[in-house]
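Take a look at the structure below.
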Amino acid sequence: MKFVDEYRDANLAQQYARKISQIITKDWRIMEICGGQTHSILKYGIDELLPSKITLIHGPGCPVCVTPIQLIDSALKIAALQDVIFCSFGDMLRVPGTDEDLLTVKAKGGDIRIVYSPLDCLELSQKNPNKQVVFFAVGFETTTPATAMVVYQAAQYAITNLSLLVSHVLVPPAMETILGSPKSQIQGFLAAGHVCTVMGYEEYNPIAQKYGVPIVITGFEPVDVLQGIYLCLQQLESGQAYCENQYVRSVEQQGNSIAKKIIQEVFEVVTRQWRGIGEISQSGLGLREKYASFDALKRFAEELSLIKPSYVSSICISGEIMQGLKKPHHCPAFGKECAPEHPLGAPMVSPEGTCAAYYRYRNYQNQTLMV
Ligand code: SF4
């Protein structure tokens, strides 16, 4: 398949690994921001192909993992209500809230449906006029245009039985938070190609310059990731720091102007909580006042006022993992109390979660705890 096979070419991957070995002279720490890249690195053994001077650090780019537990508890409450059809992408169903997950609510009789596109919710709300349809809108900039289109069309069709629990977050403020932390040791970034396909990469050059850190917009196939690392190393070894685009087959500097326009129409930038990390200023999207009637938090405010305080497992170190300070095998629960069949934290559930990637591809669950 074009644009896939050539980026999984083992010979090309080996060539990039050799080129990397030829130019590297020092130890470098590079963070890949996106969980899709993390899975690619572990699945294809990219980290094991690289010289030991390179440490790859896994970032917070798993939208399911950063959704705050308070919002998951709100989802659980709404999904359990009679006359509600609660819609979500499949990977949210097993993310633990304080007491249970959406799959458990479904087993108890909640009408919870997995959708493949938020636009399916429009049809559901039209076919079920006596039900309240609620969509759990989780994701980075990549999935935001489709959510925005749902809200825009619902307003156009005067649909009144559809609302959204919005947890859309933005990548650049998270990168700045990580780089601004006194604990940060990140020297280079691989930014997320799909996010930049939508948003472009004009925002990234000022970050690269402010923190003196190269940022390479990178794709997800093994050759993409290796080429991204190579480009990042070229900058590091020559003392430069700017934003460069490896994923040229998809990303343009300005991004997708039509997608950005619909996002701008429906959403405004707001401060958001990130699970495990805390509040990040201007790091999320909320519905504009014009579309506030589609906000599920407002529509179900009375029911949500009865929720007890949320509680996160004290064992889970997902916050430190998502900030690149620790790796999954540093968690005492990894592969024991916490596994994909009984997760304690979202990174063990999501197909983009770092803990799930280590569990699936590295078999650390059967090994003695590493340090
Ligand atoms: S292994 Fe489980 S408990 Fe530990 S950090 Fe990952 S998700 Fe949290």
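Side notes on the structure shown:
- Condition check for G335: within 8 Å of the ligand (Cβ to nearest atom) and in contact (Cβ under 8 Å) with a residue 12 or more places away in the chain: yes
- Subset of the range 313-327 that is surrounded by fewer than 23 Cβ atoms within 10 Å (Cβ to Cβ) and within 9 Å of the ligand (Cβ to nearest atom) - its residue that is nearest to the chain's Cα centre (by Cα): G319
- Selection status of P129, open to solvent by 10 Å² or more (accessible area, probe 1.4 Å), more than 22 Å from F267 (Cβ to Cβ) and under 19 Å from the mean Cα position of the chain (by Cα): no
- Within the range 157-198, the set of residues being in a loop (DSSP other than H, G, I, E, B), without any contact (Cβ under 8 Å) to a residue 40 or more places away in the chain and among the hydrophobic types (A, V, I, L, M, F, W, C) comprises A158, I159.
- Scanning the range 47-103 for residues that are assigned to a strand (DSSP E or B), under 26 Å from K326 (Cβ atoms) and either of a type in the set (A, V, I, L, M) or open to solvent by 20 Å² or more (accessible area, probe 1.4 Å) (or both) turns up I54, T55, L56, I57.
- One residue stands out among those in the range 189-200 that are more than 13 Å from the chain's Cα centre (by Cα) and surrounded by fewer than 24 Cβ atoms within 10 Å (Cβ to Cβ): the one that is farthest from Q264 (Cα to Cα), which is T197.
- G276, sole failed condition from (1) at pLDDT 95 or above; (2) open to solvent by less than 50 Å² (accessible area, probe 1.4 Å); (3) not in a strand (DSSP E or B): (1)
- Among the residues of the range 21-46, those that are surrounded by 21 or more Cβ atoms within 10 Å (Cβ to Cβ) and of a type in the set (S, T, N, Q) comprise Q37, T38, S40.
- Residue list for the range 338-355, restricted to those being more than 25 Å from R29 (Cα to Cα), free of Cβ contacts under 8 Å to residues at least 60 places away in the same chain and near the ligand (Cβ under 9 Å from one of its atoms): C338, A339
- Scanning the range 40-49 finds no residues that are modelled with pLDDT of 95 or more, touching a strand residue (DSSP E or B) at 6+ places or on another chain (Cβ under 7 Å) and farther than 27 Å from C196 by Cβ.
- Within the range 264-273, the set of residues being closer than 28 Å to Y211 by Cα and open to solvent by less than 70 Å² (accessible area, probe 1.4 Å) comprises V270, T271, R272.
- Residue selected from the range 58-75 under the condition aliphatic (A, V, I, L, M) and modelled with pLDDT under 95, by the criterion farthest from M175 (Cα to Cα): I69
- S281 closer than 30 Å to T55 by Cα and surrounded by 14 or more Cβ atoms within 10 Å (Cβ to Cβ): no
- Count - residues of the range 104-126 that are within 18 Å of A79 (Cβ to Cβ), open to solvent by less than 50 Å² (accessible area, probe 1.4 Å) and of a type in the set (S, T, Y): 1
- Scanning the range 76-126 for residues that are at pLDDT below 95, under 22 Å from A301 (Cα atoms) and among the β-branched types (V, I, T) returns a single hit, T98.
- Answer residue from the range 286-296, given it is in contact with a Ser or Thr (Cβ under 7 Å, 6 or more places away or on another chain) and either closer than 22 Å to R275 by Cα or not aromatic (F, W, Y) (or both) and is farthest from the ligand (Cβ to nearest atom) among those: D295
- Inspection of the range 209-217 finds no residue satisfying the criterion of being touching a residue at least 60 places away in the same chain (Cβ under 8 Å) and under 22 Å from Y16 (Cβ atoms).
The values are calculated or read from the model by the stated rules, or taken from the named source; none is laboratory data. Here the structure is a predicted model, which is why all the values come from computation and not from measurement. All Cβ positions, even for glycine, are placed from backbone atoms using ideal geometry, and neighbour counts span all protein chains on display. Accessible surface is based on the protein model in full, side chains and every heavy atom, while ligands, DNA and RNA are left aside. Shrake-Rupley method; radii C 1.70, N 1.55, O 1.52, S 1.80 Å.
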